[in-house]
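Encoded as C-alpha cells, the structure appears first; notes follow it.
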Amino acid sequence: MTRLAFLLAGACVVTPFSFGTAADDQPEVKKTGAALVADRIWWGAEFELTGVAETEEQKKSGTSWNSIQVFPLTDPTVSDYGKAYPYISGIRDRLKELFRTRPKTLVEPGFDFPDLATADGGHDFYGKVTFVELPTIEGVSFLTRISQEAESALLDNEDLIFDFQGLTRDGRYYVCAHLSIGHPSLPKNYEEAKKTATPSWAYARRAHRQLDALEDSSYQPSLPRLWRLMDSLSMQ
C-alpha cells in the first residue's frame, strides 16, 4: 500500500476518499452483468491543512481552501488507464505539454489551465505563474480565484488562492493543491474590494499585473514557503 508522507510545521488531517469509478469518467450508459462488475474504485488522498493563511473572514465564511489532493496515475486493474480515466489522464497529458513548452502567456482569463477544481468553473486570472522544479515533483504554481464568472473577479484576501498543479517525477501521481494566501496590500474580502474597484473582464485581464509586481516573500504565507511545502510531499 502506498504511504503518503506530508511534512509540515503545523497540523493537517489526511483523508482517504473515493474519486468514484472508472465509469464515472464515461458517458452514462445502461450496464448489465460483467460490465457492472468491471467498475473499479479509484482512491486518492486529501490533506486538509490548518493554520495556513486562514483569516478570520475565511473561518467565518468557510471559503478557505487549504487542501492538497493526490491522485494515482496508474491502476493495475485496467489495461488502458487513459481510456478508463480520460479526464484525469487528460489533465496529466496537458500538464506534461505545459512543462515541456513552458508558454509565456498564461495570463488571459479563460485559458483553462489544467486543474481538477475547475471542472465546474474556471480561473479568473493567473498571477505569479512559476514553473517549479522540485526533487520529487515537477509543477506549476500561480495565484488565482476560482469561480464561474471571471468578469466578477476582484483581488481580495478572502478569495485569493495559491494553486499548484504537478506530477511526481516517477509519473505515478497527480498533485492538485489549493491553499489560501493573502497580502497586506489587498482588501480583506470581496465586499471591501468593491468599495475601490469594479469587477469586469478588463479588471480580470489586468489583475495579474498587480500580483506579479509584489515580492514573492511579501505574501502570507510566502511563495517560497509554499513551494517548500509542496516539496515536502512524498509517496512511499
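The values are calculated or read from the model by the stated rules, or taken from the named source; none is laboratory data. All values reported here derive from a predicted model rather than from experimental measurement. Glycine also receives a Cβ, built like all others from the backbone with ideal geometry; neighbour counts cover every protein chain displayed.
At pLDDT below 90 and assigned to a strand (DSSP E or B), is that true of residue 234? It is true that residue 234 is at pLDDT below 90 and assigned to a strand (DSSP E or B).
Over 15 Å from residue 161 (Cα atoms), assigned to a helix (DSSP H, G or I) and among the aliphatic types (A, V, I, L, M) - does that describe any residue in the range 205-225? Among the residues of the range 205-225, not one is over 15 Å from residue 161 (Cα atoms), assigned to a helix (DSSP H, G or I) and among the aliphatic types (A, V, I, L, M), which makes the answer no. Restricting the range 168-180 to residues that are touching a strand residue (DSSP E or B) at 6+ places or on another chain (Cβ under 6 Å) and either assigned to a loop (DSSP other than H, G, I, E, B) or not small (Gly, Ala, Ser) (or both), the residue that is nearest to residue 223 (Cα to Cα) is 179. Taken as a whole, the range 157-173 holds at least one residue that is touching a helix residue (DSSP H, G or I) at 6+ places or on another chain (Cβ under 9 Å), touching a residue at least 60 places away in the same chain (Cβ under 8 Å) and acidic (Asp, Glu).
Residue by residue, here is whether (1) within 13 Å of residue 219 (Cβ to Cβ); (2) touching a His at 6+ places or on another chain (Cβ under 9 Å); (3) of a type in the set (D, E, K, R); (4) modelled with pLDDT of 90 or more holds:
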position: 132; (1), (2), (3), (4): no, no, no, yes
position: 140; (1), (2), (3), (4): no, no, no, yes
position: 155; (1), (2), (3), (4): yes, yes, no, yes
position: 160; (1), (2), (3), (4): yes, yes, no, yes
position: 185; (1), (2), (3), (4): yes, no, no, yes
position: 189; (1), (2), (3), (4): no, no, no, yes
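Kindly provide the set of residues from the range 146-167 that are in contact with a Gly (Cβ under 9 Å, 6 or more places away or on another chain) and among the hydrophobic types (A, V, I, L, M, F, W, C), ordered by number. Listed by number, the residues that qualify are 146, 150, 155, 160, 164, 167. Of (1) out of contact with any Pro (no Cβ under 9 Å at 6 or more places or on another chain); (2) surrounded by fewer than 15 Cβ atoms within 10 Å (Cβ to Cβ); (3) at pLDDT 80 or above, residue 90 satisfies all except one. Which? For residue 90, the exception is condition (1).
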